[in-house]
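Values in this text are rule-based calculations from the coordinates and carry no lab data. Small disclaimer: the values here were computed from a predicted structure and weren't measured. Cβ coordinates were reconstructed from backbone atoms using ideal geometry, including for glycine residues, and neighbour counts include every protein chain displayed.
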Amino acid sequence: MRPPKPFNRGGIWYLIRRVPKKYRHLDTRSFVYLTTRIPVVDDPRGIRAAQVVAHLNEVLEQGWRELEQGREPNHEERYERARRTAHQLGIRYIEKSELAQAGPIEIKKRVALIKRFKPKPSSAVYDAVVGVVSPPPLTLSRLVAAFEKERAASLKALSPDQLKRWRNPKNRAVNDLIKIVGDKNVTALTRADALAFRDHWRERVINGKAEIGTANKQFGHIGKMLRTLENAQQIGIPLDVFAKLRLEGEKTVPRAPFDPEFIQEVILADGALDALHPEARRVVFVMANTGLRPSEIVNLRPSHIHLDADVPHLEIKPEGRKLKTNDSERVMPLMGCALEAMKLQPKGFPRYFDKGATLSANINKFFRNHGMRPTPAHSLYSLRHSFEDRLTALDPPDKIIATLMGHKHQRPKYGKGPTLEHLQGWLDRIAFAPPTSL
């Protein structure tokens, strides 16, 4: 079935559907009119409206299927079904206890719908019109999903892998809290719950099973989610109970840079990386000579790779994903082993696309098993730190370092900044030679 198109109704884009024959005994309307709330003048070609219409159509079809199945949803499903059905019927979902304050117009709409559909109690239409289903309680197990929904606008730019990595630490924190206090309603959390959670992590730190930083991150995730939802929804979450839980003594262990000689003679030695997947070892070659983050390399698209330009270069752009900072968007000249590696990957790195964490784990394991980590503080990311150190040793202007590293330059931006030729001149002085096999 072809997706329905937006229909211009009074200057507003609408979804208009005839009720399918097989559902007419359940939905007695001849046609369904659902507004996108998008004025035609703001979207004359109906491009945005088509996306909204497609979503509304999916919701409408799901509602009809649920009516036909007659299945009994759980409380959360029933509440969402009631809200969805109310939208289909052209009314706002209003709880029964608040209907009296909604005004005579809203009440008249509901009386008319009751007369029209004669819904049975607990049916989707009855729940939607009468407003008998209260919002489900926000339990800890639903906290991350509720927080994600609240932050949807800021998360829109994340790739699927970035969104997964955004969720994971929050889910771990919530699951650990549930193990200690149970799946409580967030409005029922107490200071005793928070202190029990803190004691749990303090014992793990004392016994050498966790770092102080890990514990503090857990406290931070829980506190931030609770604060955000309370500020947005005012549902009575006691914010003070999770305040001031941090453990003292946290130490930051900086990643160690590789010595340039170690990179050239060990990591880039002929055949040293031959046992790695070709795409993975070429990421190492590119990173060694550019200092790019692993995620920036594996998410390159063909349109970002310019091997035939006067100065071969890469573009780091926020397409399909969010960059670490606004200053991370930049161009990077290709020299030495980085250029030779990219000639073999002109379309990017499909095996590891949007899988930066997987790539890093694989390479770090290889480095560990093949004597390429002089200390536990060394990792794949050490190549980026080494790049910065080698660049700094040349004593270039701060703006050159900031541009190549994708860091914020402290002074105001004026003009276009360094040219590719200018950047190439600095990189040429620190470029590593490629091994014989890439």
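Details
- Plainly put, the chain has a radius of gyration that is 1.07 times its Kirkwood radius, both from alpha-carbon atoms, as the Rg/Rh ratio.
- Remark on VAL32: its backbone amide H falls under 5 Å from those of ARG17, ARG18, VAL19, a criterion applied only to residues 5 or more positions apart or on other chains, H modelled at 1.01 Å from N.
- 3J(HN,Hα) along region 422-438: 5, 5, 4, x, 6, 5, 4, 7, 10, 5, 8, 6, x, x, 5, 10, 10 Hz, from the Karplus curve 6.51 cos²θ - 1.76 cosθ + 1.60 with θ = phi - 60°, whole Hz, x for Gly and Pro.
- 18 Å reach of a label modelled at ASP308, 7 Å along Cα-to-Cβ, counting backbone N of region 335-350: 340, 342-348
- Relative contact order of the chain, defined on C-alpha pairs under 8 angstrom at six or more residues apart (%): 12 percent
- Placing dummy labels 7 Å off each Cα toward the beta-carbon, the span from ASP395 to ILE180 is 5.3 nm.
- Shown in residue order for region 213-225 are the 3J(HN,Hα) couplings computed by the Karplus curve 6.51 cos²θ - 1.76 cosθ + 1.60 at θ = phi - 60°: x, 5, 4, 5, 5, 4, 4, x, 4, 4, x, 5, 5 Hz (x for Gly and Pro).
- Sorting 286-292, 274-280 by average packing, meaning the other beta carbons within 10 Å per residue, from highest down gives 286-292, 274-280.
- Segment ASN231-LEU163, extension gain: residue separation times 0.36 nm, minus the distance between their alpha carbons: 22.2 nm
- Cα-based equivalent ellipsoid of region 1-155: semi-axis lengths in Å, sorted from largest, via gyration tensor: 25, 22, 17
- Förster radius 51 Å - calculated FRET efficiency between ARG18 and HIS370 (Cβ-Cβ, nearest 0.05): 0.15
- Share of pairwise Cα separations in region 101-165, more than 15 Å, in percent: 68 percent
- Seen against the Cα atoms of the chain and their longest principal axis, helix 47-69 is set at about 60 degrees.
- Region 1-41 versus region 359-409: alpha-carbon centroid distance in Å: 56 Å
- Förster radius 35 Å - calculated FRET efficiency between ILE114 and ARG48 (Cβ-Cβ, nearest 0.05): 0.50
- GNM flexibility winner over the chain from ALA232, ALA357, ALA50 (Cα, springs under 10 Å): ALA50
- Each of TYR126, TYR23, TYR33 was scored by other Cβ atoms within 10 Å of its Cβ. Listed from fewest to most, they are TYR33, TYR23, TYR126.
- Taking amide hydrogens as placed 1.01 Å from N in the peptide plane, the amide H of ILE38 sits under 5 Å from those of TRP13, each at least 5 positions away in sequence or on another chain.
- Residue ranges 386-397, 2-13 sort as 386-397, 2-13 when ordered by packing (mean number of other C-beta atoms within 10 Å per residue, highest first).
- Compared with the dominant principal axis of the Cα atoms in the chain, helix 160-181 is inclined by about 70°.
- The count of lysine pairs in region 321-402 that are at least 8 places apart or cross chains, and whose C-alpha atoms lie under 20 Å apart, stands at 5.
- Amide proton proximity set for ARG330, modelled H, under 5 Å, gap of 5+: ILE316
- Cα-only Debye scattering, region 260-428: base-10 log of I(q)/I(0) at q = 0.11 Å⁻¹: -0.43
- Over all distinct Cα-Cα pairs of region 140-242, the Kirkwood formula returns a hydrodynamic radius of 14.3 Å.
- In sequence order, calculated HN-Hα J values of region 188-194 (Karplus, 6.51, -1.76, 1.60; Hz; x Gly/Pro): 9, 5, 10, 5, 4, 4, 5
- Label-to-label distance, nm, for residues given as LYS343 and THR325 (7 Å Cα→Cβ offset): 3.5 nm
- Principal-axis analysis of the Cα atoms of the chain puts helix 278-290 at an angle of about 70° to the longest axis.
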